[in-house]
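Here the structure comes first, spelled out in structure tokens, and everything after it is commentary.
The values are calculated or read from the model by the stated rules, or taken from the named source; none is laboratory data. Note that the structure is predicted; figures quoted are calculated from it, not measured. Note that we place each Cβ from the backbone using ideal geometry, even for glycine, and neighbour counts take in every protein chain shown.
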């Protein structure tokens, strides 16, 4: 699993962290839409120790970020995900 920051990024820029965690965002959105309790989903999907005081804030910030990306941030996300990170190029076979 890719390392998580204690809190997801915020603001209007979609960056490398978001790109690396896109599958995570999709999974937590799905869990929330299914009505899974945050502790269960955060433990299963994010591998968080849900007994920690900061676990719910971590879960919620990533869920909020995921919701922003598919909502108001969609244009920024499409633009950012269409740009290859530096050093990554297609190679011919």
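Given the condition outside any loop (DSSP other than H, G, I, E, B), modelled with pLDDT of 95 or more and crowded, with 17+ Cβ neighbours inside 10 Å, answer yes or no: does some residue in the stretch 43-56 qualify?
Initial filter on the stretch 43-56 (outside any loop (DSSP other than H, G, I, E, B)): 43-45, 55-56.
With the extra rule that they be modelled with pLDDT of 95 or more, the set shrinks to 43-45, 55-56.
Checking which are crowded, with 17+ Cβ neighbours inside 10 Å leaves us with 45, 55.
Looking through the stretch 43-56, at least one residue is outside any loop (DSSP other than H, G, I, E, B), modelled with pLDDT of 95 or more and crowded, with 17+ Cβ neighbours inside 10 Å.
Quick one: which of 30, 13 is modelled with pLDDT of 95 or more, surrounded by fewer than 18 Cβ atoms within 10 Å (Cβ to Cβ) and closer than 21 Å to residue 72 by Cβ? Unique residue meeting the criteria: 30.
Restricting to the stretch 17-35, name every residue that is part of a loop (DSSP other than H, G, I, E, B) and out of contact with any helix residue (DSSP H, G or I) (no Cβ under 8 Å at 6 or more places or on another chain). The answer is 34, 35. Close Cβ contacts (under 7 Å, 6 or more residues apart or on different chains) running from residues in the stretch 25-48 that are on the phi > 0 side of the Ramachandran plot to residues that are loosely packed, with under 14 Cβ neighbours inside 10 Å and in a loop (DSSP other than H, G, I, E, B) comprise 47/1. Filtering the stretch 71-93 to residues that are surrounded by fewer than 13 Cβ atoms within 10 Å (Cβ to Cβ) and either part of a helix (DSSP H, G or I) or modelled with pLDDT of 95 or more (or both) leaves 74, 75, 78, 79.
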